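A.B. asks: Here it is, the structure in full.
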Amino acid sequence: MSQHSLLRFIPSFDRLSQDDRIEMLQKAYPHPIVLKWIRRAIEEMREEIDAERIQQPADIFENIVSSILEQEQLYRGSKIRPVINATGIILHTNLGRAPLSERAIERMIGAANAANVELNLHTGKRNHRGQHCVEQLCHLTGCEDAVLVNNCAAATILVLQAVAAGREVIISRGQLVEIGGGFRLPDVFRSAGVTIREVGTTNRTYVRDYESALTEQTAAVMRVHHSNYQLSGFVTEPSIAELVQMQHTAQIPIIDDLGSGWLGDHGRISDPTESLCRLSDPSIPDSVSAGADLTLFSGDKLLGGPQCGIILGKRKWIDILRRNPLMRAMRLDKLVLAALEGTLEIHLEQLGDSELPITQMLLASGEEIRARCEEITERIKPLAHCDVVPCDSQLGGGSMPGQTLNSYAVRIHCKSAHRLAKILRTGPTPVLGRIANDSIMFDLRTVRSSQTEPLANAIRQAISLEAEQSKAE
Ligand SMILES: *Cc1c(COP(=O)(O)O)cnc(C)c1O
């Protein structure tokens, strides 16, 4: 049949609307949305016919309907919903990184209506936005002052633009990293109008390399945490303290981009996260006390708070940042500020163990996790072949690359692990696990205790559905 005559078989809008499946969509969604899906499906069909990929008129109607249904599923799948993170990746960027504490969530809800974001209730006068968080951060880290922006990437851009635009920043060759999602440091420097002055080699950079690169053009010296990659073996990099102590004028700030930034609770030496963190990361207070002029880190990584970028530093430099016009474009929303206040308060009270999900996930012992896995397998055993297996959890979010935490997972063997995974993702309680060969694993380190029961129920339902679907085939 010619392409021209095939085009005549494309159904009208009215005929499509009479189909039960399309009629259901029209009841569930506003008219313009469904109309857009229908138009797109028809347009695609025209292209298919033009490209001679459709030969039979009989295929046309069903193809258009399935394209419309597919668009609806894509639309529904992108809607943000609470999910159970059983991936074992604690700071999962696709899942919003650090889960917030109950306290932070309550604060956020409390700020949803009118709230004194830029007003001190005592004086009735204006405050800097984020003033309370800044004071909390000073208490926690010993810094002089701080500013808050949308994320650590924004913090980097603001700092570079405010202190170094039109001049040079010295950085070790081994630290010109891509952090993820295409965020590459060399591009960031360029967009801030800063020239990179690379020193050293990929694996070894010495203080003298920095010193001999200092010129009148030098605006700053920057150290960047390697984020998601690891240098090991024949490696040298000066510490922040060594950079601070090298011969340079006070006009050249030493900038420390910590990325994750952990607080390293004062005086809690027994903290097992400490030994874990010590291995690779200097803490935030370490950076401040070493004398960094500006210290940058994310709010939603090890700090366990909402997405934001925190810049600590000497008053002189923070004042310069505060006056920069970019600051207005990067300032924090009141919900984020409220959540951050709640999070920092927990750190100040040293109640992370009992209140901060990120700390609880880091500290959970293998035995504890295994016991919860057993609880779940007991409930699943009657339905599917499953067991409890040791596995490795990761920190994620570019924190502590290469370091893993011993954990346990519930492993389920089934006909199609991919199909079971999809059923779980798209179910009433979306669950994300990890697919390994013909099985799917649920690492309970990243699952909150309150989610154990809902997780068991979701898995049971999904197994039944999967069995039905594979029988139907
Ligand atoms: C994660 C990270 C960033 C980016 O932080 P965001 O808050 O995601 O913008 C920047 N630098 C380093 C070293 C990081 O690890």
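The values are calculated or read from the model by the stated rules, or taken from the named source; none is laboratory data. Model, not experiment: these values are computed from the prediction. Glycine also receives a Cβ, built like all others from the backbone with ideal geometry; neighbour counts cover every protein chain displayed. The accessibility values were calculated without ligands, DNA or RNA, using every heavy atom of the protein model including side chains. Shrake-Rupley method; radii C 1.70, N 1.55, O 1.52, S 1.80 Å.
A.B. asks: Identify, from the list D333, D353, the residue that is surrounded by fewer than 19 Cβ atoms within 10 Å (Cβ to Cβ) and within 16 Å of the ligand (Cβ to nearest atom).
C.D. replies: D333
A.B. asks: Does L140 satisfy being more than 16 Å from the ligand (Cβ to nearest atom) and open to solvent by less than 70 Å² (accessible area, probe 1.4 Å)?
C.D. replies: yes
A.B. asks: Evaluate region 158-174: report whether one residue or more is within 30 Å of R97 (Cα to Cα) and surrounded by fewer than 19 Cβ atoms within 10 Å (Cβ to Cβ).
C.D. replies: yes
A.B. asks: Continuing with this model, one more query. For E375, all conditions in the list (1) in contact (Cβ under 8 Å) with a residue 60 or more places away in the chain; (2) open to solvent by less than 70 Å² (accessible area, probe 1.4 Å); (3) not in a strand (DSSP E or B) hold save one; what is the number of the exception?
C.D. replies: (2)
A.B. asks: Evaluate the following for G396: is it open to solvent by less than 40 Å² (accessible area, probe 1.4 Å) and out of contact with any Phe, Trp or Tyr (no Cβ under 9 Å at 6 or more places or on another chain)?
C.D. replies: yes
A.B. asks: Within 16 Å of the ligand (Cβ to nearest atom) and either part of a loop (DSSP other than H, G, I, E, B) or touching a residue at least 40 places away in the same chain (Cβ under 8 Å) (or both): is that true of L362 in this structure?
C.D. replies: Spelling it out, it is not the case that L362 is within 16 Å of the ligand (Cβ to nearest atom) and either part of a loop (DSSP other than H, G, I, E, B) or touching a residue at least 40 places away in the same chain (Cβ under 8 Å) (or both).
A.B. asks: Quick one: would you say P325 is within 17 Å of T141 (Cα to Cα) and more than 17 Å from the chain's Cα centre (by Cα)?
C.D. replies: Answer is no for this residue.
A.B. asks: Hey, can you tell me all the residues within region 378-389 that are of a type outside the set (K, R) and free of Cβ contacts under 8 Å to residues at least 24 places away in the same chain?
C.D. replies: E378, P382, V388
A.B. asks: For R39, are the conditions met, namely being within 16 Å of the ligand (Cβ to nearest atom) and not small (G, A, S)?
C.D. replies: No: the conditions fail for R39.
A.B. asks: On to the next question. Give the residue that is surrounded by the fewest Cβ atoms within 10 Å (Cβ to Cβ), with candidates limited to residues of region 20-78 that are outside any helix (DSSP H, G or I) and polar (S, T, N, Q).
C.D. replies: The residue in question is S78.
A.B. asks: Looking at this structure, is I440 outside the structural domain of G259 (by TED's automatic domain parsing), in contact with a Leu (Cβ under 9 Å, 6 or more places away or on another chain) and within 19 Å of E378 (Cα to Cα)?
C.D. replies: Here the answer is yes, as I440 does meet what is asked.
A.B. asks: Restrict the check to region 194-214 and report whether at least one residue is within 11 Å of the ligand (Cβ to nearest atom) and not β-branched (V, I, T).
C.D. replies: no
A.B. asks: Can you tell me which of I380, I358, I311 is open to solvent by less than 10 Å² (accessible area, probe 1.4 Å) and within 30 Å of A467 (Cβ to Cβ)?
C.D. replies: Unique residue meeting the criteria: I380.
A.B. asks: Keeping to region 103-119, report how many residues are without any contact (Cβ under 8 Å) to a residue 40 or more places away in the chain and under 24 Å from P357 (Cβ atoms).
C.D. replies: Residues meeting the conditions: 1.
A.B. asks: Looking at L100 and the list (1) more than 16 Å from the ligand (Cβ to nearest atom); (2) part of a loop (DSSP other than H, G, I, E, B), which single condition is not satisfied?
C.D. replies: Status for L100: all satisfied but (1).
For (1) open to solvent by 30 Å² or more (accessible area, probe 1.4 Å); (2) touching a residue at least 24 places away in the same chain (Cβ under 8 Å); (3) touching a Leu at 6+ places or on another chain (Cβ under 7 Å), each residue gets a yes or a no:
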{"site": "A213", "(1), (2), (3)": "no, yes, no"}
{"site": "T218", "(1), (2), (3)": "no, yes, no"}
{"site": "L231", "(1), (2), (3)": "yes, yes, no"}
{"site": "S239", "(1), (2), (3)": "yes, yes, no"}
{"site": "M246", "(1), (2), (3)": "no, yes, no"}
{"site": "T249", "(1), (2), (3)": "yes, no, no"}
{"site": "L258", "(1), (2), (3)": "no, yes, yes"}
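A.B. asks: Confirm whether D14 is closer than 29 Å to L424 by Cβ, among the charged types (D, E, K, R) and either at pLDDT below 95 or outside the structural domain of D443 (by TED's automatic domain parsing) (or both).
C.D. replies: Answer is no for this residue.
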